[in-house]
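Undergrad: One structure, as structure tokens, below. Some questions next.
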Amino acid sequence: MGHTDDGYDEQVKKIEDRGMDVEAFGSYLMMHKAGMPPHGGLGMGLERLTCRLLERENVRYTTLFPRDMNRLLP
């Protein structure tokens, strides 16, 4: 099954340019092989909505497994 647009190739190039292992991003690249539609990244997301509803200062306080410089795994 071939990819339908150059979005896949573009993402692979970005990964390679950063010296990263392309195989480690297999699940992420899968959507680009099928032709992921372009988007502006405007999705609110459940964590951000919860953050607003609870009037918290930072989205990490309303995220089940927050990621930051000191926490990369759950």
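Undergrad: With respect to the numbered conditions (1) closer than 28 Å to TYR8 by Cα; (2) at pLDDT 85 or above; (3) loosely packed, with under 10 Cβ neighbours inside 10 Å, which one is the sole condition not fulfilled by MET30?
TA: (3)
Undergrad: Could you tell me whether the range 55-71 includes any residue that is surrounded by fewer than 11 Cβ atoms within 10 Å (Cβ to Cβ), part of a loop (DSSP other than H, G, I, E, B), modelled with pLDDT under 90 and under 14 Å from the mean Cα position of the chain (by Cα)?
TA: Within the range 55-71 (the criterion being surrounded by fewer than 11 Cβ atoms within 10 Å (Cβ to Cβ), part of a loop (DSSP other than H, G, I, E, B), modelled with pLDDT under 90 and under 14 Å from the mean Cα position of the chain (by Cα)), the answer is no, since none of the residues qualifies.
The values are calculated or read from the model by the stated rules, or taken from the named source; none is laboratory data. Predicted, not measured: the structure shown is a model, and the values here were computed from it. Here the Cβ is made from the backbone with ideal geometry for all residues, glycine too, and neighbour counts use every protein chain on show.
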